[in-house]
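Below is one structure, written out as structure tokens; the observations come after it.
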Amino acid sequence: MDYLGQQLINGLTLGGVYALIALGYTLVYGVLQILNFAHGDVYMIGAFLGFFAMTWLGGPLAPTVPIALMLLVMFLIAMMGTGLLGIVIERFAYRPLRNSTRIAPLISALGISILLQNGALLIFSPSIRTYDTSSYIPSTLGFSIGEITIDSVRLGVLVLSAVLMILLTKWVNGTQVGRAMRAIAYDKDAAVMMGIDVDRVIRWTFFVGAALAGAAGVMNGLLMRGVSSGMGLIPGLKGFTAAVIGGIGSVPGAMLGGLLLGVIESLAQGYLSTNFADTITFILLITFMLFRPNGILGRPMMVKV
Amino acid sequence: MASSALALTGLVAIATPAKAADCTGTIAIMAPLTGGVAFIGKEQSGFAQVAIADVNAKNGSKIDFKEYDTQLDAAQAATQAPNVVANKGVIGVVGPAGSQEVLAVGGLFGANDIAVVSPSATRTNLTAGTYPSFFRPIPNDGLQGPGNARYMVQKLKAKEVAVIEEKTAYGTGLAKEFLAEMKKLGVKATNFAVNEKNADYAAVVTRISKTADFVFVTFQDAAKSQQVAQELIKQKKKAVVFGSDGSDQPTFKTPGTYVSGFAPDVSGLQVAASAVAAYKAKTGATSITTFGPPAYVAAQVIAEAAVRACAAGKIGDRATVLAEIKKTKIKKTILGGSLEFTATGDVKGGRFYIFQTQMDGSRKSIG
């Protein structure tokens, strides 16, 4: 039972990161019906921005501000930076193609993905960076329930993921921009006729989706994983898988899909094979695409005829 | 008569020892110059360049180099290899860094008589005879895997170990050697194979028994070894990470952990002082890892063989350089020992070195 509990904690933490990435896919898809395959690389940029913010504040060994403030600044800079990057990507890679064929923005997304990866390689150098979290947050800090241990970083990631998801839900449901976003997702033409500034709402959508990916990037770094220019590919694909499982276009679906994917991956590693977790993940993607293409919470799309 | 005269002239040209200044040739440096472990490639290339400059300064030769980026990726190495072969000036290759890359390119280089001297590819079967032009100035995993197993059991008194085998040509081969030795020693060893692209090791660490004394990891990216070491602490497990040479990088720095290296720490060796100083001056680096110095030796081996080939009148002749490399005898390399190759290209009398990470993150040689 303890073993299962520990694997569930591992899976939920991983799932929290996947869910934040999945939300970016789902928000953009909901509004524009395009798959933003550059999203994994935005997550990578977020991890780098968090790293450089930490370095700017003295680095892991000699921080010049209290640790809590350093973490806050790391998240804020990463989220603001990636949010603005999301707006730039939308403006130059997607807006000019808004009325073109469906394949055009997909190709543009792949181009942006390669551009971001190679740009990061050129600017940030090819070295793997690490946040060196254990230097300022001791690995022994945390608590135990029986044999299940939850360290402070994992707990922080879990709580912050939940907070960001709650805030996003409130934003989508309770603000004017959020309502406009849902209106555009439901019927873009009608939304335009109702006087909604579509460009402004799309800008907000890209900002929020990319900012969440930026937060996920910092969480990845804090969980002791290496930060490098190629790090966005697999998490990006898993975020997409999570969005599909949950029902692409559905905000609660992306959250559910992410958490579910993290837990399934962790349980697969824990009970089946440590080697084939990714295989199981992508078999799951294919299974959903074949048998439930609208995902768990997605609804079949109505097509005007 | 005229043709006989021409033939005679040609014969004289072949047989006459070349002037040192005429001794030319290009050494290809195949290394991960970009990508996740670019620091390895940059250090290997930097040391190789210092060695070429030293050989030129000593012999008056004009051997140069050309870098080929492989990103520690077999596919990338396979893409670069035909370019190396097509470059007629190339007399030998320093690299590639990874065993999986040698597997991808060794056959092509062998078929073209191009000597390949890798400073860091340790997979045992690379010297099983399949690649006749392959050499390495470092020991192989046939020594590393069993050596680490024996050290763990005999010196560190391990009773139970776990192995995290990264599924790469390097990681799998090494884990196999290690597990076989553990079986011989009668110590329980549980293997966990993981995908190279795996990013989170929490679930794998949860599977490791609480009674395990050590976790032997075969990663090529030390950040992963560090993640496993920290995850073990977080999950309150007593096992200590013991990394192979792939973990011998500064990012793996949890105090109390162990790592094996295919080369000694040459910082304190008088014989290496000049090369290390030249490397630091050239690159601006303030510290070195164990990846660089063997690349100096690899380049030295090829460059000196090329000089001997020139002296025999065979300037830039790949087959002659290859034959001369087989005869290599260096009394003292910058790694501190002598160097001769076995018939299959391994170093004679090679050994691995064991280091333990100290509280300040530095490494202390312990075996």
Filter the range B:222-250 down to residues that are charged (D, E, K, R) and at negative phi and give me whichever is nearest to the other protein chains (Cβ to nearest Cβ). B:K234
Exclusive hit being surrounded by fewer than 16 Cβ atoms within 10 Å (Cβ to Cβ), modelled with pLDDT of 90 or more and under 24 Å from A:V31 (Cβ atoms), set A:V159, A:V163: A:V163
Whether any residue in the range A:219-227 is farther than 23 Å from A:T281 by Cα and in contact (Cβ under 8 Å) with a residue 40 or more places away in the chain is what I want to check. yes
Can you spot a residue in the range A:119-132 that is exposed (fewer than 13 other Cβ atoms within 10 Å of the Cβ) and part of a loop (DSSP other than H, G, I, E, B)? no
Does A:Y18 satisfy the criteria of being within 22 Å of A:R179 (Cα to Cα) and part of a helix (DSSP H, G or I)? no
Do we have any residue at all in the range A:242-262 that's touching a Pro at 6+ places or on another chain (Cβ under 8 Å), within 24 Å of A:G5 (Cα to Cα) and buried (at least 24 other Cβ atoms within 10 Å of the Cβ)? yes
The lone condition A:G156 fails out of (1) in a helix (DSSP H, G or I); (2) more than 14 Å from chain B (Cβ to nearest Cβ) is (2)
Condition met for B:S99 (buried (at least 24 other Cβ atoms within 10 Å of the Cβ), in contact with a Lys or Arg (Cβ under 7 Å, 6 or more places away or on another chain) and closer than 16 Å to B:R136 by Cα): yes
Out of the residues in the range B:115-125 that are crowded, with 24+ Cβ neighbours inside 10 Å and of a type outside the set (K, R), state the one that is modelled with the lowest pLDDT. B:T122
Just checking, does the range B:289-303 include any residue being under 16 Å from B:D245 (Cα atoms), crowded, with 20+ Cβ neighbours inside 10 Å and touching a Lys or Arg at 6+ places or on another chain (Cβ under 6 Å)? no
Here the residues within the range A:276-292 that are outside any helix (DSSP H, G or I) and surrounded by 15 or more Cβ atoms within 10 Å (Cβ to Cβ) are A:F276
So, of the residues in the range A:133-153 that are free of Cβ contacts under 8 Å to residues at least 24 places away in the same chain and outside any helix (DSSP H, G or I), which turns out to be surrounded by the most Cβ atoms within 10 Å (Cβ to Cβ)? A:D151
For the range A:115-128, which residues satisfy the criterion of being within 20 Å of the chain's Cα centre (by Cα) and either within 14 Å of another protein chain (Cβ to nearest Cβ) or of a type in the set (G, A, S) (or both)? A:Q117, A:A120
Subset of the range B:28-45 that is among the small types (G, A, S) and part of a helix (DSSP H, G or I) - its residue that is farthest from the chain's Cα centre (by Cα): B:A38
Taking the stated definitions as given, is B:F355 under 19 Å from B:D141 (Cβ atoms), in contact with an Asp or Glu (Cβ under 7 Å, 6 or more places away or on another chain) and aromatic (F, W, Y)? no
Considering every residue within the range B:318-327, establish whether at least one is over 21 Å from the mean Cα position of the chain (by Cα) and surrounded by 21 or more Cβ atoms within 10 Å (Cβ to Cβ). yes
Checked the range B:282-315 for anything more than 20 Å from the chain's Cα centre (by Cα) and more than 18 Å from B:F39 (Cβ to Cβ); matches are B:A306, B:V307, B:R308, B:A309, B:C310, B:A311, B:A312, B:G313, B:K314, B:I315
Looking at this structure, is B:T283 free of Cβ contacts under 8 Å to residues at least 60 places away in the same chain and polar (S, T, N, Q)? no
Would you mention how many residues in the range B:332-367 are within 17 Å of B:A303 (Cα to Cα) and not in a loop (DSSP other than H, G, I, E, B)? 2
Somewhere in the range A:52-71, is a residue surrounded by 24 or more Cβ atoms within 10 Å (Cβ to Cβ), at negative phi, in contact with a helix residue (DSSP H, G or I) (Cβ under 7 Å, 6 or more places away or on another chain) and among the small types (G, A, S)? no
For the subset of the range A:223-240 comprising residues that are part of a helix (DSSP H, G or I) and surrounded by fewer than 24 Cβ atoms within 10 Å (Cβ to Cβ), which member is farthest from the other protein chains (Cβ to nearest Cβ)? A:L237
Is it the case, given these coordinates, that A:V218 is within 14 Å of chain B (Cβ to nearest Cβ) and surrounded by 18 or more Cβ atoms within 10 Å (Cβ to Cβ)? no
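The values are calculated or read from the model by the stated rules, or taken from the named source; none is laboratory data. Computed from a predicted structure; not experimentally measured. Here Cβ is always computed from backbone atoms with ideal geometry, including for glycine, and neighbour counts include all displayed protein chains.
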